[in-house]
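Nothing in this text is a laboratory measurement; each read-out follows from the coordinates by a stated rule. Remember, predicted model here, so these are calculated numbers, not experimental data. FYI the Cβ positions are ideal-geometry reconstructions off the backbone, even for glycines, and counts take in every protein chain you see.
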Amino acid sequence: MRFITLLLLALVLSSLSACGGARDSGSSDQSAKHLEKTDDQTVRAPEANDRLEREAAKSTVPHENVSLKQADAANTASQAIERKIIRNATLTLEVTSPPDNQRKITSIAETHQGFVVTSESTRRTTEDKAKPEVTINLVVRVPAMQFNQVMEEIRAVAGRVIDEKTTGQDVTEEFIDLEARIKNQKALEAQFLEIMKRAGKVEDALQVQTQLADVRTEIEKLEGRKRFLENQASLSTITVTLQSPTQIVNAAGFWYSIRSAFSDGVDVATAIVLFLIRLVIALLPILVLIVLPVGLVAKLVSMRMRRKRLNQERADDLRTKV
């Protein structure tokens with residue numbers, strides 16, 4: 001019974017520790033300050049109070065305002081450094097040679113301690129069929145501190161920036177919440193370990209072990225989420241699309257119409273030839289496996305019928321002569 005009571009107290013204390021810790025600390029600090037203030041006031045003599053008031057009056061107000069501004073600036077700077085921000089960017093660039101620029105972007109990422117996650121190339125035939133268009137998609141990850149510099153160097157590679165998009169997600173609040181939850185779960189884990197040491201029965205030990213396994217699973221899940229946020233915030237993701245310049249074709253004029261008609265005629269002739277070739281290739285197995293054996297069988301049957309007819313005619317001739 002005593003063991004179960006300890007177990008229930010540990011669960012209740014763990015749930016109340018997170019919400020009551022901050023309130024208790026704040027109230028205790030205020031009460032301590034209040035007691036110190038009352039004690040000082042009771043001990044001090046009236047002359048000492050008058051002297052302190054005169055010294056406080058001599059102190060200048062602008063000095064206090066400057067110190068407050070400096071404190072606010074220092075606090076803001078510290079918060080900016082501690083913030084966890086996930087930054088991503090998407091770029092669509094027009095370049096003369098996508099494969100060459102792909103190597104340049106890879107070199108830029110590696111120079112700034114980054115790396116290429118994925119690389120995909122696509123070829124598409126243009127209308128005049130003179131030169132195929134190449135499109136390359138790259139996903140690059142670089143340190144967050146080098147994000148702006150890497151973006152500038154990638155822009156400098158391109159002849160023209162077609163599209164650009166930059167996004168940022170502040171996950172500082174979630175990160176701090178995860179740290180607090182991990183701390184509470186670890187404190188709860190320590191309490192369960194102490195309770196397990198005092199367990200005198202096997203059933204009680206198994207019950208505590210089950211609760212301890214649940215706490216350990218929750219800790220691992222929270223730590224995994226924390227590591228994911230740290231990774232996403234420390235490494236920014238840049239998605240780059242490299243594409244060839246779009247060729248502008250003059251679709252007007254007599255010679256363009258003749259060239260288009262000739263090109264269409266060549267395409268039609270090529271399609272007919274390819275159709276005939278496919279037809280012959282498709283019919284060849286039918287000729288070999290079906291038509292040829294049937295023709296041989298028909299020829300053998302006709303030869304036998306002819307031979308039989310000749311033998312019959314000879315027999316009839318012999319009868320007539322006799």
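From the convex hull of the Cα coordinates of segment 275-322, what is the mean projected area in square nanometres?
Over all viewing directions, segment 275-322 projects a mean Cα-hull area of 4.0 nm².
Give the calculated FRET efficiency between PHE275 and LEU300 to the nearest 0.05, with a Förster radius of 35 Å applied to their Cβ-Cβ distance.
Taking R0 as 35 Å, the efficiency between PHE275 and LEU300 is 0.45.
Taking a ≥ b ≥ c as the square roots of the eigenvalues of the Cα gyration tensor of segment 104-180, is the shape rounded (a/c under 1.5), prolate (a/b larger than b/c) or oblate?
Taking the square roots of the gyration eigenvalues as a ≥ b ≥ c, segment 104-180 is prolate.
Give, in nm to one decimal, the length gained when the segment between SER121 and THR135 is fully stretched (0.36 nm per residue of separation minus the Cα-Cα distance).
Once the chain is fully extended between SER121 and THR135, it gains 4.5 nm.
Would you please classify the overall shape of segment 187-322 from the alpha carbon gyration tensor, given that a ≥ b ≥ c denote the square roots of the eigenvalues, rounded means a/c under 1.5, and beyond that prolate means a/b larger than b/c while oblate covers the rest?
oblate
Between SER257 and VAL288, take the C-beta separation as r, use R0 = 35 Å, and let me know the FRET efficiency to the nearest 0.05.
So, using R0 = 35 Å, E works out to roughly 0.15.
Quick one: if the Förster radius is 22 Å, what FRET efficiency do THR111 and GLU164 give, using the C-beta to C-beta distance and rounding to 0.05?
My answer for the efficiency is 0.55.
In which sequence would SER244, SER302 go, from the one with the fewest C-beta neighbours within 10 Å to the one with the most? Write down the numbers at each step before the final one.
Values: SER244 19, SER302 10.
With the sparsest Cβ surroundings first, the list reads SER302, SER244.
In segment 124-231, what is the volume of the convex hull around the alpha carbon atoms, normalised per residue and reported in Å³?
Details: hull volume 17.5 nm³, N = 108.
Output value, Cα hull per residue: 162 Å³.
Would you mind checking LYS104/LYS226; LYS201/LYS226; LYS84/LYS186; LYS165/LYS186 for any pair whose Cα atoms are more than 32 angstrom apart? Intermediate values should be presented prior to the final figure.
Working: LYS104/LYS226 34 Å; LYS201/LYS226 37 Å; LYS84/LYS186 23 Å; LYS165/LYS186 41 Å.
In this structure, LYS104/LYS226; LYS201/LYS226; LYS165/LYS186 exceed 32 Å between Cα atoms.
Mind sorting VAL280, VAL95 by how few other Cβ atoms lie within 10 Å of their own Cβ, fewest first?
Listed from fewest to most nearby Cβ atoms, that is VAL280, VAL95.
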